[in-house]
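The values are calculated or read from the model by the stated rules, or taken from the named source; none is laboratory data. Quantities reported herein were computed from a predicted structural model and do not represent experimental measurements. Note that each Cβ is placed from the backbone with ideal geometry, even for glycine, and that neighbours are counted across all protein chains shown. Note: accessible area is taken over every heavy atom of the protein model, side chains too, but ligands, DNA and RNA are not part of it. Shrake-Rupley method; radii C 1.70, N 1.55, O 1.52, S 1.80 Å.
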Amino acid sequence: MLSIENMSVNYGAIQAVRDLSVVVYEGEVVTLIGANGAGKTTTLRAVSRLLKPVAGRITFMGRDITRLPADEAVKLGIAQSPEGRQVLARQSVQDNLELGGYTRSNAEVKADIDRMYGRFPRLGERRSQMAGTLSGGEQQMLAIGRALMSRPKLLLLDEPSLGLAPIIVREIFDIIRELNAQGVTILLVEQNARLAMQSSHRTYVLDAGQLTLQGNSAELVSDERVLQAYLGG
Amino acid sequence: QKIENPVPIGVAVAQTSNTALLGQEQVIGAKFAEKFLNARGGINGTPFKLVFQDAAGDENSAINAFQNLITKENVVGIVGPTLSQQAFAADPIADRAKVPVLGPSNTAKGVPQIGNYIARVSAPVAVVAPNAIRTALRLDPKIKKVAVLYAQNDAFSVSETGTFQDTAKAQGLTLSTVQKFQTTDTDFTTQVTAVLNADVDLAIVSGLAADGGNLVKQLRQLGYKGLIIGGNGLNTSNMFPVCQKLCDGVIIAQAYSPSQPSAANQVFVKEYRAQYKKDPPQFAAQAYAGVQVFVEALRAVDRKKKLNTWSLDDLRVALNKQILAGKYNTPLGLISFDKDGEVVQKDFYVAQIKMKDAKTGSFVFLK
Amino acid sequence: MNDFLQSYGFLLVTLIQAGLLGLSLYFPLMAGQLSLASPGFYALGGYVAAIMLTNPAFAGLRDTLGNGIFPLTWLAAGLLCALAGVIVGVPALRLRGIYLALATIAFIEILRVVALNLSITGGAIGIFGIPQAFGFQDRWQYLLIFGPMLALVLAFTYMLQKSRVGRAFRAIREDELAADAMGVPPTQYKVLAFVIGAVIAGIVGSMSAPFLNTWNAKQGTFDASIAILAFVLIGGSRSMWGPVVGGALLTAVPELLRFLQDWRLVINGLVLVVASLYLPQGIVGALGKLRKSPPPARPPVAPAPDPKGGTL
Amino acid sequence: MELSSFVQSLMNGLAIGSVYAIFALGYTLVFSILGIINFAHGAVFTLGAYFTYTLVVGQFENNGLLKGINLFPDGSPFSGSAVMFGLATILGACAAGAIAVLIERLAFRPMRSRGADPLLALVSSLGVALVIVNLIQLLVGAEIYNFPSDAYGEVKPALSFHIGEKVVIIRTVQLIIFAVSLVMLAVLGYVIGRTKVGKALRAVAESPSTASLLGISVDRFILITFFLSGFLGGLAGTLVGTAFGVAGPYFGVVYGLKGLAVIVLGGLGSIPGAVAGGLVIGLAEAFVPAEYSAYKDAVAFALLFVILLVRPQGLLGRNLIQKV
Amino acid sequence: MTATLTRAVPKTVLEARNMTRRFGGLIAVNDVSFDVREGEIFGLIGPNGAGKTTLFNLMTGLTPPSSGTLTYEGRPVLGLAPHKVAALGMSRTFQNIRLFKALSALENVKIAQHTRTHAGLWRGIFGANRAEEAQVERRAWELLDLVGLSDRAGEEAGNFSYGDQRRLEIARALATEPRVLLLDEPAAGMNTSEKGGLTAFIREVRDRFDLTVMVIEHHVPLVMNLCDRVAVLNFGQLIAMGDPASVQRDPKVIEAYLGGE
Ligand SMILES: Nc1ncnc2c1ncn2[C@@H]1O[C@H](COP(=O)(O)OP(=O)(O)OP(=O)(O)O)[C@@H](O)[C@H]1O
Ligand SMILES: Nc1ncnc2c1ncn2[C@@H]1O[C@H](COP(=O)(O)OP(=O)(O)OP(=O)(O)O)[C@@H](O)[C@H]1O
Ligand SMILES: [Mg+2]
Ligand SMILES: [Mg+2]
């Protein structure tokens, strides 16, 4: 469904991702792990078209999207829950969610929002509060909820569990499994590598902008190198 | 340093900025003089050329323009700048360099006193304004109550209104209301209402073309029936498009009138009309006069000793002396200068506006 | 040389003057405050000098002091602007961004209208016939006071930026709240930066009044505010050289373009547009990019790195 | 204060205030989407008036490169009837809108893509203003141009009535200005306050990158906003121009500055704020007693200063409590 | 745990009494009282939106309280401006990282030494502050060493990856020379191995600088490992407090926060 071929991304003179190739098949959950600064976020931002790669090619459902503007990518069915949440601080929770469904019709969106409040009752209680005044975790829920609002075919999640209470983390991973069961393809970046690998089909390991390992999640979980570096021995 | 041929005379007036409304008329007048006087033999056979430097509306630009004219363009003298405030800043530089300056439109007190090399062809307000009130009283002896309105951010209007108010009081009139406005104002309903409610027979307006014109228009539109006197700032056909038909009947105090009967003026007016299809405005006439004074003084100097034998520095000094000594028959009428460089102008004029249609009108000489 | 000074002396002084005004706006900006008040203080300083140098009330003082009156006008302008800076700054600096900018513009406009209406300021005509500083014969001689003033202000700025106070300014510019939480009192430093800018602008004004020979209400206007802001931004707002370079350049451009005659100001406008498009970090910022600054060096007596360090 | 002068001041204040409002709306729209002040807005205001003038009269006077030109030798088709004049006004405003779009393309967009200091937009738009103003002067001179007195057809120039002894007079243009402003405000208020478009606009304003992540086409929104802003500016220019004449290339400068005061007073980026700000300043100016009219210009700014001290976010601006 | 046990009866550094903060109708922090003892590592957990960050904001002066008191070594803290609190000796990191993004890492750490240095305007201008500056510089490098960022000292803080920014925040907080350090989710964005390292690091810092530490954290194993005592907030109220093991078993905590199995 998504294929990244030999992609490099730079920030000015700094090369954050080098010659990276990643494939995500339809219906898959794929995890990207790596140390701080490995280039995971950079990769996701390139796929959602917020960053321009300097080399390589990104194709989505057979279509070359390397030069597509970000808003077009959303219309093709790519949604991202970004690092740092990026909620629209000066808009209410409700408005943030409605904007998440910007590409869809109003009626559908209304129904989905109610469902979202069912999932995250916390957001329902806060629906008219400005998103900028939410607690960190509440914002994280909102960011994820907002990404879901566009009913994406490919969902990009950047550290979705960040700042969430254990009970909510569990909820998030339930959602991931559920969505996947409904056929949504997911590319997941997660520091909680064990949990992520348990809920994904395949895993790529990044280090300093380059691919070091890849394989079935189930196998990599017990890989010596992964255990050592990411799972705390 | 030798004198260039054609002889360069500097013109530093506002070609840009919001002072350009005045400056562009001065440019026209000066260019007119250049063409006209050169066609009549220039300086005893030697042509002269005008060198323009934009003095914009601020002091720095005026100084830079002067500086350029004096040191780079080697002009024999300068006509400029447009505003009195600029004159206070720039004239001392010319004075120090011993370059004669003729102010074409600097009317504030103290300008000719800046130095020996500074003179002006623009009469100060105090001598122009009183005539208008006297004429109004002649037209309508029953006038008792007067409203005075002036643009308080315009140096010229502020000093003019002082003269108007003093004259009115001296003539035994009552100042029923004094209203201030800004040259940038467009809506004068407040002032007009005050005038209407004061029930006056005469309204005296000191302002510039746009604001003055609007004020006249709104006075009339809102039902003011009495006489209106416009100060010297309104002595321009630029006002016609603003108040259009409603300009009709406004009495204007003039330092220059197209109807001035001298031959010098009538030729000027005729040629100006031929080219622009309207009467020359005061600013054009004054700039013309400035250039003319330079040219005539140069002729006199040349007669004493051929221009191409002078050094520039000496010529400037001699020219200045000659300017102050001479008498000039300009479109403004006969003018000369006192020892400070203040203009001594024989005639001042009062005119009444007559509108032919919405766009064209004329200043009809009242004497 | 003398010819050159005769022709370009005035312009040179105005370039320095522009640079100094740029610096006066740069100070509040250093602490993250978009203040456009500089022309107001410049005008105020100019009026102080113009009044002290022409008003009959000061005749006695002028006679006693001789040329000493000029430094006194600088001092008086500096002090008065400092005071005005505190009075305006303390309430205004609670505002942020464009709100602050507009509040300072309000200050300028109020000042302008008041100057236009007072008799001591000469109303609409202003004050004229201001005596030349130290009996200078030519305008280029003002290089002798504006030059040292620029050097002084630059030295001051340089030292300040390196110091603890300079760091506090930068912290507030980056994130006022975080600075506060890290122990930097924002209000105090914002007012300090604002007042420093006010004093510089005021002194420049007091030096400029004799230089221009006349002073009036057109000297400190909204247009000037934006022009000065342009000096800083086109020059580069993150280095003290930016305002100086920007001020000098943007003041020189319309003069250099005089040969274009009527097109001069059109092209001047285009220069501003193109410069903002192609020099997003300003001229000095662009130059700085060319010359990569070396990574900061450790102080010479480096303590032995903690063996347990870097294990995180 | 007497009732008659109160009513008179009220009328004047509402009329001038609504011009301020409609002009300031153009500022506020651009601010609300890009977070920048477009200093060229005053110049666009001027342009709008010149465009309409060109359509209605088609002749220029003695100065500038276009002097002596006559577009309509047989008389302009836009002159002489109120309907045709209205059409000219709309066309003029559209042309101003197109110029605003051009300004965005040439002077703002390249800057955005280079990640420049947003303050630089002030400088760039100042440059644009300089270019426009001086081009106008170059082309048609600095003189005052005026619409023919029959621009509105046979509509009477003023209505007057008495309260007691005293007259109260309302100029027809004042009424027209007021009415047009109300209509524009209602339309904009609805679109931005009540529709999805408004929400998207606010999202773009807050974070263009986040907005694009939600599928909002940032560029298109910016384009529309600039067109609207130019349209409103140009419309205000024509309205003021018909009422008071087109007073040269610097015509819009005063409005440029007043407009800034208006939007900041009302609260940056707030549509009702621009309206409230315009009316407050218009009324405050109208109620300055005649003997203090010298201080009229200071009144707007003094008011601004004081109100900001009490409400740092402006009258109707929203105060964002920062969460840390 | 080991470190504190060896100390003699630890004195109380912080005393919070009935601290309350309302936002409109919402009570974000509701009548919270607790003591923190010198040298301990005190954990604060609770569901999202329970009021943990708000409590930190109250303690550091960033949010004014609705009511209640807090004393630090007997001196009242609430109502002081943030920089005054920092000067007293309490410093924090931010949940939503708030570094001086456009400044270098080194500058970030130097700035935070503000309250511990004194050179005013004139001493700075005349260069009479050399000794102090040298000291500031030295300490800044030491702190960067401590968090392992000294080889990137000159880089802009905003360009660091998320995890590295968190480290720099800790260094910056330490630069104010606090006696009490408040960490808001220091492990967010770190992977499991790094979280392990963090436990050791916080302890080490505590010992080396003689600190009292309060930590907000959602990563339960880390909290349980690191903290001497843990308090649990839910809907603004303190629902449990005690040693980690007992808190972890508390059914109220399980229901509200940990989630039942
Ligand atoms: N805006 C930027 N400018 C310059 N360099 C950047 C920028 N953003 C990221 N980098 C650098 O690019 C590299 C990759 O960063 P990225 O954010 O992709 O890492 P990551 O794998 O997501 O790390 P983390 O787990 O900490 O979020 C890092 O070295 C980082 O310092
Ligand atoms: N300025 C504010 N206005 C309104 N509500 C606020 C404001 N600040 C915080 N809140 C609310 O107060 C509650 C407590 O927020 P706080 O940030 O303290 O939670 P938290 O315990 O730190 O949560 P998390 O673990 O998600 O960071 C939240 O529900 C939040 O929405
Ligand atoms: Mg003289
Ligand atoms: Mg929190």
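So which of C:Lys218/D:Lys258; B:Lys49/B:Lys278; B:Lys169/D:Lys166; A:Lys75/D:Lys196; B:Lys225/D:Lys166 end up more than 22 Å apart by C-alpha? Violating the 22 Å limit, Cα to Cα: B:Lys49/B:Lys278; B:Lys169/D:Lys166. Ranking B:Ser257, A:Ser92 from most to least accessible surface, computed with a 1.4 Å probe over the protein chains only, gives A:Ser92, B:Ser257.
Normalised by the number of residues in chain B, what is the relative contact order in percent for Cα pairs under 8 Å and 6+ residues apart? Working shown, then result.
Details: 843 pairs, mean separation 69.1, N = 367.
RCO, chain B: 19 percent.
Grab the other residues whose beta carbon is less than 13 angstrom from that of A:Ile4, score K and R as +1, D and E as -1, and report the net.
Charge balance near A:Ile4 sits at +2.
Among C:88-98, B:4-14, the peptide with the highest mean count of other Cβ atoms within 10 Å heads the list, and the full ranking is B:4-14, C:88-98. Placing dummy labels 7 Å off each Cα toward the beta-carbon, the span from E:Ala81 to B:Asp166 is 5.6 nm.
Relative to the dominant Cα principal axis of chain E, helix E:192-209 is inclined by about 70°. For chain B, the longest principal axis of the alpha carbon atoms and the long axis of helix B:312-325 meet at an angle near 40°. Helices in chain C that qualify as membrane-span-like (whole DSSP H runs, Cα extent of at least 30 Å along the helix axis, mean Kyte-Doolittle hydropathy of 0.5 or higher) are C:2-30, C:69-92, C:97-117, C:186-212.
Per residue of peptide E:80-87, the mean number of Cβ atoms on other chains within 10 Å of the residue Cβ is 5. In terms of its C-alpha gyration tensor, region E:37-77 comes out oblate, because a/c is 1.5 or above while a/b does not outweigh b/c. All other residues whose Cβ lies under 12 angstrom from that of E:Gly124 are scored, Lys and Arg at +1 and Asp and Glu at -1, for a net of +3.
Remark: mean inter-chain Cβ contacts per residue of E:136-142 equal 4, using a 10 Å Cβ-Cβ cutoff to other protein chain atoms.
At an R0 of 45 angstrom, the distance between the Cβ atoms of A:Arg67 and A:Arg127 translates into a FRET efficiency of 0.75.
Sort D:Phe227, D:Phe78 by heavy-atom solvent-accessible area, probe 1.4 angstrom, most to least.
D:Phe227, D:Phe78
Applying 1/(1 + (r/R0)^6) with R0 = 25 Å to the Cβ-Cβ distance of C:Ile120 and C:Leu75 gives a FRET efficiency near 0.80.
Of the peptides E:73-83, A:46-56, C:32-42, the order by per-residue mean of other Cβ atoms within 10 Å, starting with the highest, comes out as C:32-42, A:46-56, E:73-83.
Semi-axes of the equivalent ellipsoid for region B:275-350, computed as √(5λ) from the eigenvalues of its C-alpha gyration tensor and ordered from largest down, come to 27, 15, 9 Å. In this rough spin-label picture, where each label sits 7 Å from Cα along the Cβ direction, the E:Asp35-C:Ile87 distance is 5.5 nm. Using a ≥ b ≥ c from the Cα gyration tensor of region E:98-176 (square roots of the eigenvalues), is it rounded, prolate or oblate, where a/c under 1.5 gives rounded and otherwise the larger of a/b and b/c decides, a/b for prolate? Prolate shape, in that a/c is at least 1.5 and a/b is the bigger ratio.
Applying a threshold of 22 Å to the alpha-carbon distances of B:Lys35/B:Lys354; B:Lys31/B:Lys306; B:Lys277/D:Lys67; B:Lys145/B:Lys245 flags B:Lys35/B:Lys354; B:Lys31/B:Lys306; B:Lys145/B:Lys245 as lying beyond it.
Our note on the geometry: Cα centres of region D:185-234 and region D:149-183, 35 Å apart.
When peptides A:146-152, A:85-91 are ranked by their average number of other Cβ atoms within 10 Å per residue, the highest-first order is A:146-152, A:85-91. The value of relative contact order for chain E, using C-alpha pairs under 8 Å at least six residues apart, is 26 percent. For region D:1-68 versus region E:119-164, the spacing of their alpha-carbon centroids is 53 Å.
Between A:Ala208 and C:Ala59, the simple spin-label model (points 7 angstrom out along Cα→Cβ) gives 8.4 nm.
Here the calculated FRET efficiency for E:Glu255 and D:Phe287, from their Cβ-Cβ distance with R0 = 41 Å, stands at 0.05, rounded to the nearest 0.05.
Enter the mean number of other protein chain beta carbons within 10 Å of the beta carbon of each residue in D:216-224, as an integer.
2
Taking other residues whose beta carbon is less than 12 angstrom from the beta carbon of B:Ile93, and scoring Lys, Arg as +1 and Asp, Glu as -1, yields -1. Prolate is the label for chain B, because a/c, from the alpha-carbon gyration tensor with a ≥ b ≥ c as root eigenvalues, is 1.5 or above and a/b exceeds b/c. For chain D, return all DSSP H helices satisfying: extent of Cα atoms along own axis at least 24 Å; mean Kyte-Doolittle hydropathy at least 0.0. Correct list, ordered by number: D:3-34, D:82-103, D:120-140, D:172-194, D:218-244. Angle check, please: helix B:20-39 long axis (alpha carbons) against the longest principal axis of chain B (alpha carbons), in degrees 0 to 90, nearest 10. That works out to roughly 50 degrees.
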